[in-house]
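One structure below.
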Amino acid sequence: MFKTLRNDIRAVFDRDPAAHSTVEVVFAYPGLHALWGYRLSHWFWMRKMLLIGRLISHIVRNLTGIEIHPGARIGNSFFIDHGMGVVIGETAEIGNNVTLYHGVTLGGVSLEKGKRHPTLEDGVVVGAGAKILGAITIGEASRIGANAVVVKSVPPNSVVVGIPGQVVVRNKPRETAPDLHHDRLPDTISASITYILERLEKVESNLHIHPEEKPVIYKDEPRLERILSSHKPEQGMWHGEDFVI
C-alpha cells in the first residue's frame with residue numbers, strides 16, 4: 001500500500017513542474033486527494049460493501065470536484081492535474097502512468113449493466129475538457145487533445161483531435177511517456193481543405209478555366225467567390241479578403 005502511495009506522489013512531481021515539496025503535494029493537490037479517496041472506496045467496493053464505497057466517493061467528490069466511481073479500475077502512477085470536473089465511470093479501466101486534465105469525462109453511452117465505459121492503456125494523456133465515451137479502448141501512449149470527443153477506439157501511439165475525434169497515427173513510436181505537449185496537435189480539417197483547394201487548382205489549370213469563365217453561380221455570389229479564391233493557409237494561417245460570417 002505504501003509503495004502505491006509513494007508512486008502516486010512521485011507521479012505528481014514527474015508531471016507537474018509547479019510541485020515544489022512533498023508536503024505541498026500531500027496537502028494541496030485535489031487530484032491526489034481524489035485518487036486516494038478512490039483507492040479507499042474501491043477497497044470497500046471490491047469487498048461488496050457497496051454503500052460505504054459510494055458514500056466515500058460522494059464525500060471526496062464534494063471535497064475535490066472530482067468524481068471517480070469506486071467500481072472503476074485504476075493502475076499505478078495515475079495523475080489528475082487541476083482536476084475540477086473530472087468524471088470517471090463505473091466500468092472505466094485506466095492503466096499505468098495515465099494523465100488526465102480538468103474537465104475530462106470517461107463516460108458510458110448505454111443502459112446495459114456490463115462494460116460501458118472506456119479503457120485507457122498505459123501512458124495515455126487526456127487533455128482538458130476531452131470526452132471519451134463508450135466501451136472503447138485508447139491505445140498505449142496516445143494523446144487526446146483538449147475538448148476532443150472520442151467515440152471510437154484509438155490505436156496505440158496516436159493523437160486524437162476534434163469533434164468527433166479524428167485519429168492521427170504517429171509515424172514514429174514515442175520514446176518516452178507521458179506526452180504532455182498539448183500544443184502539438186495536427187489540424188486535420190485545415191489539411192483536408194488545403195488538399196481539396198490544391199486539387200481544384202490543378203483541375204482548373206488542366207481544363208484551362210479562367211476566373212471569368214467560372215459558373216454563373218459564383219458570379220451571383222461574390223462573397224462565396226472571395227472565400228473560394230482565397231489563398232491556401234501559410235504556416236497554419238488562413239488569408240482572404242473576407243472571412244466574416
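The values are calculated or read from the model by the stated rules, or taken from the named source; none is laboratory data. Just so we're clear, the structure is a prediction, and the values are computed from it rather than from any experiment. With ideal geometry, Cβ positions are generated from the backbone for all residues, glycine too; neighbour counts draw on all protein chains shown.
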*Pull up the stretch 122-137, narrow it to residues that are buried (at least 20 other Cβ atoms within 10 Å of the Cβ) and closer than 14 Å to residue 78 by Cα, then point me to the one that is nearest to the chain's Cα centre (by Cα).*
126
*Residue list for the stretch 17-27, restricted to those being more than 25 Å from the chain's Cα centre (by Cα) and not charged (D, E, K, R)*: 20, 21, 22, 23, 26, 27
*Pairs, please: C-beta under 9 Å, at least 6 apart or cross-chain, first residue more than 22 Å from residue 186 (Cα to Cα) and outside the structural domain of residue 107 (by TED's automatic domain parsing) and in the stretch 131-143, second buried (at least 24 other Cβ atoms within 10 Å of the Cβ) and at pLDDT below 95?*
none
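Taking the stretch 144-175 only, how many residues are among the polar types (S, T, N, Q) and free of Cβ contacts under 8 Å to residues at least 12 places away in the same chain?
Final tally of qualifying residues: 1.
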*Between a first residue in the stretch 5-25 that is closer than 16 Å to residue 38 by Cα and a second residue that is assigned to a loop (DSSP other than H, G, I, E, B) and of a type in the set (Ser, Thr, Tyr), which pairs have beta carbons less than 8 Å apart while being 6 or more apart in sequence or on different chains?*
7/77; 8/77
*Only one of these conditions is not met by residue 112: (1) of a type in the set (D, E, K, R); (2) surrounded by fewer than 18 Cβ atoms within 10 Å (Cβ to Cβ); (3) touching an Asp or Glu at 6+ places or on another chain (Cβ under 8 Å). Which number is it?*
(3)
*Going by the conditions given, is residue 77 touching a helix residue (DSSP H, G or I) at 6+ places or on another chain (Cβ under 9 Å) and at pLDDT 95 or above?*
no
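Based on what the data block shows, is residue 76 closer than 17 Å to residue 14 by Cα, assigned to a loop (DSSP other than H, G, I, E, B) and either more than 17 Å from the chain's Cα centre (by Cα) or not assigned by TED's automatic domain parsing to the domain that holds residue 121 (or both)?
Numbers: closer than 17 Å to residue 14 by Cα: yes; assigned to a loop (DSSP other than H, G, I, E, B): yes; either more than 17 Å from the chain's Cα centre (by Cα) or not assigned by TED's automatic domain parsing to the domain that holds residue 121 (or both): yes.
When the stated conditions are applied, residue 76 passes them.
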*With respect to residue 44, is the statement that it is of a type in the set (Phe, Trp, Tyr), out of contact with any Phe, Trp or Tyr (no Cβ under 7 Å at 6 or more places or on another chain), touching a residue at least 12 places away in the same chain (Cβ under 8 Å) and within 21 Å of residue 19 (Cα to Cα) true?*
no
_Subset tally (residues that are at pLDDT below 95 and charged (D, E, K, R)) for the stretch 91-104_ = 0
